[in-house]
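A.B. asks: Got a structure here, written out as C-alpha cells. Questions coming.
What follows is calculated from the coordinates using simple rules that are stated; it is not laboratory data. Note that the structure is a prediction, hence the values are computed from the model and not measured. Glycine gets a Cβ as well: all are built from the backbone with ideal geometry, and neighbour counts include every protein chain shown.
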Amino acid sequence: MTRPVFVLHEHHRPQHHFDLRLEEDGVLRSWAVPRGLPDDSSEDRLAVPVDDHDLDHATYEDATKEIADTGWWELEDRNERRMVFVLHGRTGARRYALIDTGQDALLHLVKKQP
C-alpha cells in the first residue's frame, strides 16, 4: 500500500512563506501558509488555497524553494468545512485541522496529538 505524500515547501522569494501540499486524487492539493505550520494549539495560521501541483513537485527544490519537511499523511475526518489529518514527517507525527472559513482556511494544531 502506498501512503499519500505530503511536502512543506519553504519559499524564500518573493516573500518568505511556506506551502503545504497534500497528495490527493493524483495531485498535490496546496495551501500557502505565510507563517508556517502552527506549533501551539492556541494559535491558528492562515492557509490560503492555491492551485494544485503535479505529484513530481513533491521533490522539487530550486534556488528560492526548499523542502522544509516531507513524509506521508493520513486523513482522520472530513466534512464540508473541516479536514482533520496527521502529518508523518521527518521528526514525528502531528495532527492538524484545516478549517474552511468560506474565503481562505485556518490551519490548527489539534490539542490531542497521536
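A.B. asks: Just give me the residues in segment 1-34 being within 21 Å of Gln113 (Cα to Cα) and over 12 Å from the mean Cα position of the chain (by Cα), in sequence order.
C.D. replies: Passing the criteria: Arg3, Pro4.
A.B. asks: If you check Arg45 against the conditions, is it surrounded by 18 or more Cβ atoms within 10 Å (Cβ to Cβ) and over 20 Å from Pro4 (Cα atoms)? Break it down stepwise before answering.
C.D. replies: Working: surrounded by 18 or more Cβ atoms within 10 Å (Cβ to Cβ): yes; over 20 Å from Pro4 (Cα atoms): yes.
The answer is yes for Arg45.
A.B. asks: Just to verify a result, which residue in segment 25-42, among those that are surrounded by fewer than 16 Cβ atoms within 10 Å (Cβ to Cβ) and out of contact with any His (no Cβ under 9 Å at 6 or more places or on another chain), is nearest to Asp56 (Cα to Cα)? So that I can check it myself, show each step before the final result.
C.D. replies: Step one: list which residues in segment 25-42 are surrounded by fewer than 16 Cβ atoms within 10 Å (Cβ to Cβ), which gives 25-27, 34-35, 39-42.
With out of contact with any His (no Cβ under 9 Å at 6 or more places or on another chain) added as a condition, the list becomes 25-26, 39-40, 42.
Details: Asp25: 14, Gly26: 10, Asp39: 28, Asp40: 31, Ser42: 34 Å.
So the residue we want is Gly26.
A.B. asks: Can you tell me which residues in segment 8-21 are in contact with a Leu (Cβ under 7 Å, 6 or more places away or on another chain) and either part of a loop (DSSP other than H, G, I, E, B) or within 13 Å of Trp73 (Cβ to Cβ) (or both)?
C.D. replies: Leu8, Leu20, Arg21
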